[in-house]
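One structure below.
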Amino acid sequence: MNLLSPLSEIVRILPNHKKALDKLGLKTVEDLLYYFPVRYGDTSQMKTIESLVKGDDSTVFGRISGLKTSKAFVKKIPMSEAVVTDDTNKIKIVWFNQPYIAKMVHEGQLVRVEGKVAERRGELYMSNPKIEVVDKIPTAVGDSLFVHDTESEEDTHVMYPVYPESRGVTSYWIYHAVQKIMSRGILDTIADPIPEEILKKYNLPGIKTAFIWIHTPKKEADAESARKRFAFQEIFFIQLQKQKERKLWNKKKAFEIGIDQKDIADFVKRFPFEPTESQINAIQSIVSDFKRGFPMSRLLEGDVGSGKTAVAATTIYAITKTPPKGKVFGNLQTAYMVPTEILAKQHYENFIGYFQHLPIKIGLITGSGCAIFPSKSDPTKPTSISRAQLLKWVANGEVPILIGTHALIQKSVKFKHLAFVVIDEQHRFGTAQRQKLTDKDTVVPHLLSMTATPIPRTLALTIYGDLDLTLLDQMPHGRLPIITKIILPTERNNAYEDIRKELRTGRQLYVICPRIDEPDPTKELAVIAKSVKLEAERLNKEVFPEYMIDILHSKMTPKEKENTMADFSSGKTKILVATSVVEVGVNVPNATMIIIEGAERFGLAQLHQLRGRVIRSNHQAYCFVFAESNGQKTKDRLKALVTAKNGFELAEFDLKQRGSGELYGRKQWGISDLAMEAIKNIKMVEASRTEAIQIVAEDEDFKHHPTIKNYFDTKTNKIHFE
């Protein structure tokens, strides 16, 4: 047996197990060893049935009997019932909508039941508890399920691991599979990927000890120490990978861009606003990177409405002013990639405004069509052209600025002198997509990634360890801070009246809903939340019948979205009811109000993004947050939206409050929940970064660190950054 042995060779896997294990991504011995418990229960705190009290969250052991399935009397919901008995008493168990339970557990089996105790007509019962079959029952409260007869008192494991489950595989099943693997001596064969001197320096357990402590801890401190070690391991290897990428990047050749500071100052003077100090600093940082001869790799992190596009436009101007090497005419080229068509068209219009005084062509390429500015028939406007014609001009180097969506990275798009790549809202593109853009030539283009999603500093240091970081943390001059109001259900009508007053002065309103269509009430797990279509109808009939209302959501065609946005931008539509599709970059300066329905369903960073849609002018902006839940946690989170001065403060708050797994999680950043927890610890992130920088500086191919090299060769193909 080795780490890559399939689980099916070690434990008996039934068809329902296989389906569940595939869903959890558990195929090999290594996968299971790295599948860590989410928490630990304590057998010393287990209760007898006799001692249960209404409202308790309890775990009891006993023998199950009286299993039957039926339908609930009123709603005809399928239900399963049973009775669990221990030495002290018995309790009724009920499961709704889970008729399969009766097939999973058999009459007379020993079980562990965990759930909340409720009461009906004077009788205690447990509703929808977790249940699993066990081999033996603790003989008394405080007796451990995991103690063996030969163990002494000190060796007793009173803690038991609780693993994330999937239908078909219980936490108990995973525990036993892990024990079986560990009992075969596999831990003695694993080389520790973290160098010994680093383990000693930060007082981290070796890998064998860590696996034992994380899966079968005897005390909480052991479990904590093991979790810390594996979190360090993951962050350390991300840092190593990022530092190595950075070093390789710095060896590549890039266009050297030299531009007169006076030219930049003249370009900036054309802005319809006065640039902030942080915008000027960001422009200087980028322009000085251009002069180094190796490719820039920078992340521009700006709060909503802080003017990232103006910074990008100025630096693109520096590129277009520079002719290709050895030429006295022509332009170097820039590719500007954005995540949505709405945003691509909006940036295209903005850039025409920035560059119309210069004799340069600006192209637009999206999935639904292409355009070029200026048009031959009217030099003040763009015109639609064929894809083939645009690509021909881009390949000839005649189009210095090309703005587009994912269409930019198709093989058919070839540049003659691609010197600069700008990627907006960069967390929405995978690394592979970013790579495609920068791999288009032997001379590597400079890369500027931009995001308006505030990222806690520790997270940025980890996932963007290969990028230099620039913050735009000042708002444009004259911009009033947004007024955010938390609206309880009873205050809805007053809020509508406040909004009506603003609408009468000619302002416009966004209404954001969590869903597109009404939920299907027959579906058990349907999210009951406001939908765009129904809310637009309701507002039209009951609240704002005097105003034109339209809808916008992701299921509409690009043409429908374009027409809807055009009507809203022109002021023809006064109220736009939409999903969070407007979250990124949509810019209508006259829309100064936003209602967010079901606000507790959005993360704080997303709420901040949504509210940023209305901070687009010097008019007073308002955000009305409509919450459906009155819970204290919801109130605390939403209160932070009112009090936080900027998005960075909010991101740090969300990281502490919600747990990073919920805020970002594997889907967005590609790192485990354990490492996300560790990211709350700035010291751990900085320590792993320091060690990684030192190792890569001295030994970038890891020739003197064979365990690191081996771990990289087998592991990094599993680390995906999004």
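The values are calculated or read from the model by the stated rules, or taken from the named source; none is laboratory data. Because the structure is a prediction, the values reported are computed rather than measured. Cβ coordinates were reconstructed from backbone atoms using ideal geometry, including for glycine residues, and neighbour counts include every protein chain displayed.
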Take the residues in region 1-10 that are in contact (Cβ under 8 Å) with a residue 24 or more places away in the chain and surrounded by 12 or more Cβ atoms within 10 Å (Cβ to Cβ), then tell me which one is nearest to Pro193 (Cα to Cα).
-> Leu3
Answer with yes or no whether Ile13 is without any contact (Cβ under 8 Å) to a residue 24 or more places away in the chain and over 30 Å from Glu224 (Cα atoms).
-> yes
Hey, could you check region 338-357 for residues that are within 30 Å of the chain's Cα centre (by Cα) and aliphatic (A, V, I, L, M) and say which is modelled with the lowest pLDDT?
-> Ile342
First in region 263-283 and more than 19 Å from Gly302 (Cβ to Cβ), second anywhere and in a loop (DSSP other than H, G, I, E, B), Cβ under 7 Å, 6 or more apart | Asp263/Lys321
Among the residues of region 291-304, is there at least one that is out of contact with any helix residue (DSSP H, G or I) (no Cβ under 9 Å at 6 or more places or on another chain) and in a helix (DSSP H, G or I)?
-> no
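Results for (1) part of a helix (DSSP H, G or I); (2) surrounded by fewer than 19 Cβ atoms within 10 Å (Cβ to Cβ); (3) in contact with a helix residue (DSSP H, G or I) (Cβ under 7 Å, 6 or more places away or on another chain), shown as yes or no for each residue.
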| site | (1), (2), (3) |
| --- | --- |
| Asp567 | yes, yes, no |
| Val577 | no, no, yes |
| Val581 | yes, yes, no |
| Leu638 | yes, no, yes |
Just to be sure, is Gly330 surrounded by fewer than 19 Cβ atoms within 10 Å (Cβ to Cβ), at pLDDT below 85 and in contact with a Gly (Cβ under 7 Å, 6 or more places away or on another chain)?
-> yes
Give me a count of the residues in region 49-67 that are part of a strand (DSSP E or B), at pLDDT below 85 and not β-branched (Val, Ile, Thr).
-> 2
With the first residue restricted to region 555-566 and required to be under 20 Å from Ile365 (Cβ atoms), and the second required to be part of a loop (DSSP other than H, G, I, E, B) and small (Gly, Ala, Ser), Cβ contacts under 8 Å at 6 or more apart or on different chains are Pro558/Gly367; Pro558/Ser368; Lys559/Ser368
Kindly establish whether Tyr35 is part of a loop (DSSP other than H, G, I, E, B), in contact (Cβ under 8 Å) with a residue 12 or more places away in the chain and either surrounded by fewer than 17 Cβ atoms within 10 Å (Cβ to Cβ) or under 30 Å from the mean Cα position of the chain (by Cα) (or both).
-> yes
Just one of (1) at pLDDT 90 or above; (2) assigned to a helix (DSSP H, G or I); (3) out of contact with any Asp or Glu (no Cβ under 9 Å at 6 or more places or on another chain) trips up Ser278, so point out which.
-> (3)
Return yes or no: is Ala231 buried (at least 18 other Cβ atoms within 10 Å of the Cβ), under 30 Å from Val162 (Cα atoms) and touching a strand residue (DSSP E or B) at 6+ places or on another chain (Cβ under 8 Å)?
-> no
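Name the residue, out of Gly612, Gly598, Gly631, Gly603, that is at positive phi and not polar (S, T, N, Q).
Every option except Gly598 fails the conditions.
Is one or more of the residues making up region 620-628 more than 25 Å from the chain's Cα centre (by Cα) and surrounded by fewer than 23 Cβ atoms within 10 Å (Cβ to Cβ)?
So the first thing to find is which residues in region 620-628 are more than 25 Å from the chain's Cα centre (by Cα), and the list is 620-622.
Now drop any that are not surrounded by fewer than 23 Cβ atoms within 10 Å (Cβ to Cβ), which leaves 620, 622.
So far as region 620-628 goes, yes, one or more of its residues are more than 25 Å from the chain's Cα centre (by Cα) and surrounded by fewer than 23 Cβ atoms within 10 Å (Cβ to Cβ).
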Would you pick out the residues in region 167-204 that are crowded, with 16+ Cβ neighbours inside 10 Å and at pLDDT below 85?
-> Gly168, Val169, Thr170, Ser171, Tyr172, Trp173
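If a residue must be of a type in the set (A, V, I, L, M, F, W, C), touching a residue at least 60 places away in the same chain (Cβ under 8 Å) and touching a strand residue (DSSP E or B) at 6+ places or on another chain (Cβ under 9 Å), how many such residues does region 600-613 contain?
2
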